[in-house]
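First the structure, in the form of structure tokens, and then the observations on it.
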Amino acid sequence: MASLARFRPATRRIPAFARAIQTSADTTQLQDTIEDHSKPFTVKLHEESFRAYRCETPSFEVEVKKDELLKMYKDMQTMRRMEMAADALYKAKLIRGFCHLAIGQEAVSVGLEYGIKPEDRVITAYRCHPFAVMRGGTIKGVIAELLGRQAGMSHGKGGSMHIFTPSFFGGNGIVGAQVPVGAGIAFAQKYLGKNTATFALYGDGASNQGQVFEAFNMAKLWDLPAVFVCENNKYGMGTSAERSSSNTEYFTRGDKIPGLQVNGMDIIASRHAVQYARKWVTEGNGPLLMEFVTYRYGGHSMSDPGTTYRTREEVQRMRSTQDPIRGLQRYIEEWGLATEQELKQLDKDAKAEVDQAVEEAKQSPEPLTKDLWTDIYYKGTEPSSMRGREREEVHHY
Amino acid sequence: MLARRLRSKFPALSRRWQTTASTTAIEPPPAGGHSSSVASSQLFRITRESALRTPGISWQDEESDRNIIGGRETRKMNLYQAVRDALSIALSKDDTAVIFGEDIAFGGVFRCTMGLAEEFGRERVFNTPLTEQGIAGFGIGLASMGHTAIAEIQFADYIFPAFDQLVNEAAKFRYRSGGHFSIGGLTVRTPTMAVGHGGLYHSQSPEGFFMGASGLKVVIPRSPIQCKGLLLSAIRDPNPVIFMEPKILYRSAVEQVPIDDFSLPLSRAEILIPGSDLTLLTWGTPVYHCESALRLLNSPPPSLAPLIPPSLRNAKVELIDLRTILPWDVETVVESVRRTKRLVIVHEAGMTGGVGGEIAAEVGKRAFLRLEAPVRRITGWDVPAGLQFEKFNMPDAVRILDGIMETLSY
């Protein structure tokens, strides 16, 4: 493990991280011996897990519980299995259209959910499947949505980028458009006097959109309880962060808004930072920027092999040395919280759960043609008819 | 072409145009805009009685008071005061309603929100930065939380930075969430159309750009009563609505407006003057130019009389105000054209890609065998709205008259 901890990416490719945050997944150290597995115990994060801008870093000592770590492990494993199932379904030509997978970024989606409360709100862009499940959706609902079936969470009308739950305001298909929407959501929370936070996520690619800065400005101006979360997976589609952004330290791009850079590959650090951010904004300090430094193993979308703009070695290196799931697995084993066999069982459970959800999703029928015409206008306020492709297809309400 | 003929024939007319068009030494037009068509219009409801009997009016107060007209009051208001009145009702009846936009806490550039911040508090009526895309996105987020979000884009010309948010987020929010989410509480108000001296970025009519955005509604009122009723409907409609207010009418259009809470129906056109020989369809400011054109047709002044064949002077032209541009009232328009057999559409936006083309195509399909003349569009030219050329760019009474005569005698 120590050798892994010493690993640093080659400076030629990603110079910012060489001197900056480290993204190893397994550098958290146990502080004291664990006597009672039902009680919380303290661990110490690597001192380069966070970097702060205009604020203090969170403490590096974190309390964790065995149950929670095992649940996180299971959730991360399940999310990865779900994305792998989507990958297979896409390659089997059962999923069509767009599909963007978040394999490698599980510590962000799962870590976020463990750091926030159910009444908080989350909105993101493309890589939304794990968030949708963590925020109260189901794997079957996500897979069925990708397959375009009735059991899909948007009844097959949305597809990959458009999955919603009552506290999750969706994936969004327009790069950056979800960020000002998140500011509006945060305003409503503040207006209603609720002590809750909105997490508006975007990628390193979207961070250069003008409206992202418009949202920052409004949020700071009105001190909205918004956490703007940049998931920096180092590539906006096929362009590396260094080639698209004049400032790749995304957590410093909020001008007067404080920022926090987080190791997005260590779920203990991720969750801890999310808790810190939530506390920050709900205590009336105004918005906060958060940057998770993470990595996607796959291409941007299914049509992108992900190897034309980065080397296979780089992907392989990230997979083998900084994987968030393997990192947590090591903690659990080294700290004696569970045996390898017990974790293998969790892996099997995750796979079985996903397999069953996929089968159920496949059984769901495709949406009825009549549903093409619903949900455009509020029921009862539609125009008298909407046009279809041809004469016979004009729909009358 | 009639316009050119008129100019050469009537030097007085031509001189007036020249002075506004090319001389800088003359007095500038008043800041609020002016329009002789509006000043002389008979379409305004200037008595209490006629105001209370506005067709389609639906009182929105307590159940017991509905449908009672006696005892209701009206007050003389211009269009911006009617907007303010509607917003004030929306804020006082709906605790979740908030109003935001550029400079609106001080009343806005057209005074539509005058005093609302003082009355309802700065938490509910507040200024935003100059951030059109941000305003739209912010409003969408707010509305998605169940709020009534009333945003102002300072000029319709500035709606283009917000176009993505409105077309891609607002219009599709319900559909792409399979009906789970709604941003029906969103209303975007914006001043539109020419003001006489607005120039390139203050006189455009962008309604046509939204025609393909199913899920949105686009509404353009023509008068203070219409504005109050339609705006209250728009705010309460469970769909996102873009509400475009013709800016030249803010001060020049004056009516007795009922002070109670009332609404007028969306997606319903209104027949202002019934007729049987030609349907003249328009919305917003050109309603009044159309009215003037009809007056010129029916009783031309001596100077125009020689150009207007007596056989056309008794033509009964049906004037329709479309009011809601998207989704538009196909039934009323088609029913009218089936009766009159002729259609002339007037709008300020350019012809190519304008709303008129969409209407012409649909009417052509539904009433093809009834038509006795091609559907005629009288619109702004397909050019940018140049400052000094604004008078020539806008469809005025003479151009409309020309189009009506040509269509009647086709």
The stretch A:352-381, residues that are under 20 Å from A:M72 (Cα atoms) and crowded, with 16+ Cβ neighbours inside 10 Å | A:E353, A:V354, A:A357
Filtering the stretch B:274-313 down to residues that are in contact with a helix residue (DSSP H, G or I) (Cβ under 7 Å, 6 or more places away or on another chain) and β-branched (V, I, T), which residue is farthest from B:T324 (Cα to Cα)?
-> B:I308
Going by the conditions given, is A:G284 more than 14 Å from every other protein chain (Cβ to nearest Cβ), within 30 Å of A:T28 (Cα to Cα), in a loop (DSSP other than H, G, I, E, B) and of a type in the set (G, A, S)?
-> no
Of the listed residues (B:I57, B:I135, B:I99), the one being more than 19 Å from B:P265 (Cβ to Cβ), in contact with a Leu (Cβ under 9 Å, 6 or more places away or on another chain) and not small (G, A, S) is B:I99
Tell me which of these A:I143 doesn't satisfy, since it passes every other one: (1) farther than 23 Å from A:T374 by Cβ; (2) away from chain B (no Cβ under 14 Å).
-> (1)
Pairs under 6 Å by beta carbon, first residue more than 14 Å from chain A (Cβ to nearest Cβ) in the stretch B:195-215, partner among the charged types (D, E, K, R) and assigned to a loop (DSSP other than H, G, I, E, B), six or more apart or different chains?
-> B:V195/B:K247
Among the helices (runs of 4 or more DSSP H) confined wholly to the stretch A:159-278, which include 1 or more residues that are under 20 Å from A:E113 (Cα atoms) and either more than 14 Å from chain B (Cβ to nearest Cβ) or more than 17 Å from the chain's Cα centre (by Cα) (or both)?
-> A:178-191
The stretch A:223-249: number of residues that are closer than 13 Å to A:G182 by Cβ and of a type outside the set (A, V, I, L, M) | 3
Note on the stretch A:324-377: residues within 30 Å of B:F173 (Cα to Cα), part of a helix (DSSP H, G or I) and away from every other protein chain (no Cβ under 14 Å) are A:V354, A:A357, A:V358, A:E359, A:E360, A:A361, A:K362, A:Q363, A:T369
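Quick check on B:G184: is it farther than 26 Å from B:V109 by Cα, within 14 Å of chain A (Cβ to nearest Cβ) and in contact with a Pro (Cβ under 7 Å, 6 or more places away or on another chain)?
The answer is yes for B:G184.
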Residue list for the stretch B:81-131, filter: aliphatic (A, V, I, L, M), under 20 Å from the mean Cα position of the chain (by Cα) and closer than 18 Å to B:D261 by Cα | B:A82, B:V83, B:A86, B:L87
Given the residues A:E291, A:E283, A:E314, A:E334, which is the only one that is free of Cβ contacts under 8 Å to residues at least 24 places away in the same chain and of a type outside the set (G, A, S)?
-> A:E283
For residues that are out of contact with any strand residue (DSSP E or B) (no Cβ under 7 Å at 6 or more places or on another chain) and closer than 30 Å to A:M153 by Cβ, tally how many sit in the stretch A:330-377.
-> 32
Run down B:G101, B:G134, B:G121 and say which single residue is in contact (Cβ under 8 Å) with a residue 60 or more places away in the chain and within 14 Å of another protein chain (Cβ to nearest Cβ).
-> B:G101
Run down B:A234, B:A293 and say which single residue is within 14 Å of chain A (Cβ to nearest Cβ), over 22 Å from B:E358 (Cα atoms), surrounded by 24 or more Cβ atoms within 10 Å (Cβ to Cβ) and of a type outside the set (S, T, Y).
-> B:A234
Condition check for A:V133: more than 8 Å from every other protein chain (Cβ to nearest Cβ), out of contact with any Lys or Arg (no Cβ under 7 Å at 6 or more places or on another chain), buried (at least 24 other Cβ atoms within 10 Å of the Cβ) and not hydroxyl-bearing (S, T, Y) | yes
Kindly indicate whether any position in the stretch A:292-302 is farther than 20 Å from A:T248 by Cβ, over 16 Å from the mean Cα position of the chain (by Cα) and surrounded by fewer than 19 Cβ atoms within 10 Å (Cβ to Cβ).
-> no
Output the residues belonging to the stretch A:348-377 that are in contact with a Ser or Thr (Cβ under 7 Å, 6 or more places away or on another chain) and free of Cβ contacts under 8 Å to residues at least 24 places away in the same chain.
-> A:I376
Working carefully through the options B:T332, B:T379, find the one that is of a type in the set (S, T, N, Q), within 15 Å of B:W283 (Cβ to Cβ) and within 14 Å of chain A (Cβ to nearest Cβ).
-> B:T332
Taking B:D95, is it more than 14 Å from every other protein chain (Cβ to nearest Cβ) and either under 21 Å from B:E49 (Cα atoms) or without any contact (Cβ under 8 Å) to a residue 60 or more places away in the chain (or both)?
-> no
Is it the case that some residue within the stretch A:122-135 is part of a loop (DSSP other than H, G, I, E, B), within 18 Å of A:P166 (Cα to Cα) and in contact with a Ser or Thr (Cβ under 7 Å, 6 or more places away or on another chain)?
-> yes
Odd one out for B:G284, checked against (1) surrounded by fewer than 24 Cβ atoms within 10 Å (Cβ to Cβ); (2) outside any strand (DSSP E or B); (3) of a type outside the set (F, W, Y) = (1)
Here the qualifying pairs (Cβ atoms under 6 Å; residues six or more apart or on different chains; first in the stretch B:142-165 and more than 11 Å from every other protein chain (Cβ to nearest Cβ); second assigned to a helix (DSSP H, G or I) and among the acidic types (D, E)) come out as B:I153/B:E132; B:Y158/B:E132
Can you give me the number of residues within the stretch A:64-121 that are free of Cβ contacts under 8 Å to residues at least 60 places away in the same chain, in a loop (DSSP other than H, G, I, E, B) and under 27 Å from A:E340 (Cα atoms)?
-> 1
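Each value in this text was obtained by applying a stated rule to the coordinates, not by laboratory testing. Model, not experiment: these values are computed from the prediction. We place every Cβ from the backbone using ideal geometry, glycine too, and count neighbours over all the protein chains shown.
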